[in-house]
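The values are calculated or read from the model by the stated rules, or taken from the named source; none is laboratory data. As the structure is a computational prediction, the values presented were derived from the model and not from experiment. Quick reminder, even Gly has a Cβ in these numbers, built from the backbone with ideal geometry, and neighbours come from all protein chains shown. Note: areas computed on protein heavy atoms with side chains; ligands, DNA, RNA excluded. Shrake-Rupley method; radii C 1.70, N 1.55, O 1.52, S 1.80 Å.
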Amino acid sequence: MNYIVEQVFYYLSAVIAVLFVFVPHEFAHAYAAYRNGDYTPKYYGRLTLNPVKHFDLMGFLLCVLAGFGWAKPVPINPVNFRKYKKGLFETAIAGVCTNYVIAFIVYPLFLVVERFIPGSSTALIYVKGFIGLVLYRIYLISLSIIAFNLLPLFPLDGFRIVESCTSPYNRFRLFLQKYGRYILMGLIIESFVCNILYQATGIGAIQYLNILGFYLQWFAQHILGAPIWGLWNWIFSLF
């Protein structure tokens, strides 16, 4: 597979993977809010699997290029929840739970493609390679988005989880609400700078300075991903 084809496959697979990761994530938020009595997502047309309704250009490009990002946040009004804290918590975790289910389903499909689809011709090699790449990237980006969103920084889902479990006057919560956005942007910028320096210099130690990148890789692949690949690899080893 030549370099140009590899690059086309790489970015096209990323675009497809991002759609399969973000659209269900945002729909899950909207549906959870709706089930808990808040019709705001439906009013704004977000109770849908239409990717256009959830599209955010900056978050989309960031996820395609860096493996983490965001979609357009689903508008909710927690005042409408029948039970405030329960509704807020379920709405907050709905997206990451959906992504984990997607990762759990997609990984064995990737193994099926890799192990059982023959590459007996050039055409089949390309088809197998592309399908496998799409499935594996859906798996990786799903885990990365879970890890990213679980950061307890405003306005991510992790902050909403903290919000649902604390009082409005909790100092930790107020700090995250006030400064979380700036901390998050600082981590993203620092990650990009480290990646640029690493590509320019090739010094491996720079990667250890990439706080966000190291966290996403370690937590997503080795903590969140371990039960998935551990279970499915064991099951497939029986065949």
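Side notes on the structure shown:
- Complete set of residues in segment 205-239 that are touching a residue at least 60 places away in the same chain (Cβ under 8 Å) and of a type in the set (Ser, Thr, Tyr): 215
- Any chance residue 128 is open to solvent by 60 Å² or more (accessible area, probe 1.4 Å) and either on the phi < 0 side of the Ramachandran plot or not in a helix (DSSP H, G or I) (or both): no
- Every condition in (1) open to solvent by less than 30 Å² (accessible area, probe 1.4 Å); (2) at pLDDT 95 or above is met by residue 101 except one, and the failing one is (1).
- Exactly one residue out of 52, 96, 8, 15 is closer than 30 Å to residue 166 by Cα and not small (Gly, Ala, Ser): that is 96.
- Residue 120 meets each of the listed conditions (1) open to solvent by less than 70 Å² (accessible area, probe 1.4 Å); (2) at pLDDT below 90 apart from (1).
- Residue 33 meets the conditions (1) within 22 Å of residue 160 (Cα to Cα); (2) out of contact with any Cys (no Cβ under 8 Å at 6 or more places or on another chain); (3) open to solvent by 10 Å² or more (accessible area, probe 1.4 Å); (4) among the hydrophobic types (A, V, I, L, M, F, W, C) in every case but one. The failed one is (3).
- Residues satisfying the stated conditions in segment 65-101, i.e. out of contact with any helix residue (DSSP H, G or I) (no Cβ under 9 Å at 6 or more places or on another chain) and assigned to a loop (DSSP other than H, G, I, E, B): 82, 83
- Complete set of residues in segment 108-152 that are of a type in the set (Gly, Ala, Ser) and under 15 Å from residue 236 (Cβ atoms): 132
- Tally of residues being under 18 Å from residue 157 (Cα atoms) and open to solvent by 30 Å² or more (accessible area, probe 1.4 Å) across segment 48-57: 2
- Checked against (1) in contact (Cβ under 8 Å) with a residue 60 or more places away in the chain; (2) crowded, with 21+ Cβ neighbours inside 10 Å; (3) out of contact with any helix residue (DSSP H, G or I) (no Cβ under 6 Å at 6 or more places or on another chain), residue 62 passes all but condition (2).
- Residue within segment 18-26 that is in contact with a helix residue (DSSP H, G or I) (Cβ under 9 Å, 6 or more places away or on another chain), in a helix (DSSP H, G or I), open to solvent by 60 Å² or more (accessible area, probe 1.4 Å) and within 25 Å of residue 86 (Cα to Cα) present: no
- For segment 67-81, filtered to residues that are open to solvent by 40 Å² or more (accessible area, probe 1.4 Å) and touching a Leu at 6+ places or on another chain (Cβ under 9 Å), the residue that is nearest to residue 99 (Cα to Cα) is 70.
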